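Readers should treat all values here as calculations from the given coordinates under stated rules, not as data from a laboratory. Bear in mind that the values here come from a model prediction, so they are computed numbers and not experimental data. Virtual Cβ from ideal backbone geometry, glycine too; neighbours counted across all protein chains shown.
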Ligand SMILES: [Zn+2]
Ligand SMILES: [Zn+2]
């Protein structure tokens, strides 16, 4: 295996982690969890399919844990507050805290009442089946396109899936830890904004703005802030594939 093959594999892995991050913020966070925008069913399905294969995240569980986070934000009851658990614990073990909360049926029932399953939600054990199918498809893609021997390509493909998952989890953990402690605040809540984190998390790093305007389809509040997912949402809206309320958008006080 040559150095250039390794570099291409790393680039593909990082791009896939970014794709998952964009699908998470646009579909899972802004549309499904906070209903800040409405996506065309085909776009919603494709984004859910991407998350199913690349992350195994179960939308209902994610929405329930995240809504609880907003309700108790940095107080007793918040599933992953750095003020309660400590910054390093949330940064490196956010996934463990998240899984612990998803195992609480009361949380799921209370925060996602009247949940309607889509096609993918009907797949049994979706959180396990998705990653197995996704890693297999990625391995087959590496077998087809890298020119490596079958087994070597398959191993690199599976390794790429897991590395992507690690990057994806870490980016999510940064929001819940660093973006509640370090950075600037436009509004009077404990969350913080970090523009450089927003660059690598599809806008999620503007977390202080988000806690102030949770149902806003965009996370920037000032012209000088940049929310990478916002131009994509605008484009989808122009194409008739997304709708949002202008009046609910985050804006400077
Ligand atoms: Zn938060
Ligand atoms: Zn939120």
query: Taking Cα atoms, how many degrees apart are the long axis of helix 41-54 and the longest axis of the chain, rounded to 10 and kept between 0 and 90?
result: 60 degrees
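Over the range 41-182, what lengths in whole Å, largest first, do the semi-axes of the equivalent ellipsoid take, defined as the square roots of 5 times the eigenvalues of the alpha-carbon gyration tensor? Don't skip to the end; give the middle numbers.
Working: eigenvalues 191, 83, 24 Å².
Three semi-axes, in Å: 31, 20, 11.
Helix-derived [θ] at 222 nm for the chain: sum -39500 (n - 2.57) over DSSP H runs of at least 4, divide by residue count, nearest 500? It would help to have the intermediate numbers written out before the result.
Numbers: 11 runs with 145 residues, N = 253.
The helix contribution divided over the chain gives -18000 deg cm²/dmol.
Quick one: plug the Kirkwood hydrodynamic radius of the range 136-243 (C-alpha pairs) into Stokes-Einstein at 37 °C, 0.692 mPa s, and report D in µm²/s. Walk me through the intermediate numbers first.
Numbers: Rh = 15.9 Å.
Translational diffusion coefficient: 206 µm²/s.
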message: Using only the alpha-carbon atoms, how far is helix 126-145 inclined from the longest principal axis of the chain? Give it as 0 to 90 degrees, nearest 10.
response: 50 degrees
query: What's the center-to-center distance, using Cα atoms, between the range 49-99 and the range 208-253 in Å?
result: 22 Å
- request: Identify the residues of the range 95-122 with backbone N under 14 Å of a label point that sits 7 angstrom from the Cα of residue 49 along the Cα-to-Cβ direction, or state none.
  value: 119-121
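For 51, 91, what ranking results if the residue with the fewest other Cβ atoms within 10 Å of its Cβ goes first?
Numbers: 51 24, 91 17.
Ranking 51, 91 by Cβ neighbours within 10 Å, fewest first, gives 91, 51.
Going by C-beta contacts inside 10 Å, put 4, 248, 177 in order with the fewest on the left. Don't jump to the answer; show the numbers that get you there.
Numbers: 4 8, 248 17, 177 23.
Sorted ascending by nearby Cβ count, the order is 4, 248, 177.
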Spacing of the two label points (7 Å from each Cα toward its C-beta) at residue 128 and residue 38, in nm: 3.8 nm
query: Does anyone have the angle between helix 229-238 and the longest principal axis of the chain? Alpha-carbon axes, 0 to 90°, nearest 10?
result: 90 degrees
- request: Would you mind putting 216-223, 166-173 in packing order, based on average other-beta-carbon counts within 10 Å, highest first?
  value: 216-223, 166-173
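First measure r as the distance between the Cβ atoms of residue 92 and residue 239, then evaluate 1/(1 + (r/R0)^6) with R0 = 30 Å and state the FRET efficiency to the nearest 0.05. Intermediate values should be presented prior to the final figure.
On the way: r = 40 Å, r/R0 = 1.32.
Efficiency, rounded to the nearest 0.05: 0.15.
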message: Using a 7 Å offset from the Cα along the Cα-to-Cβ direction at both residue 145 and residue 75, what is the distance between the two label points in nm, to one decimal?
response: 4.8 nm
message: Report the Cα-based extents of the chain along its three principal axes, largest first, to the nearest Å.
response: 58, 40, 38
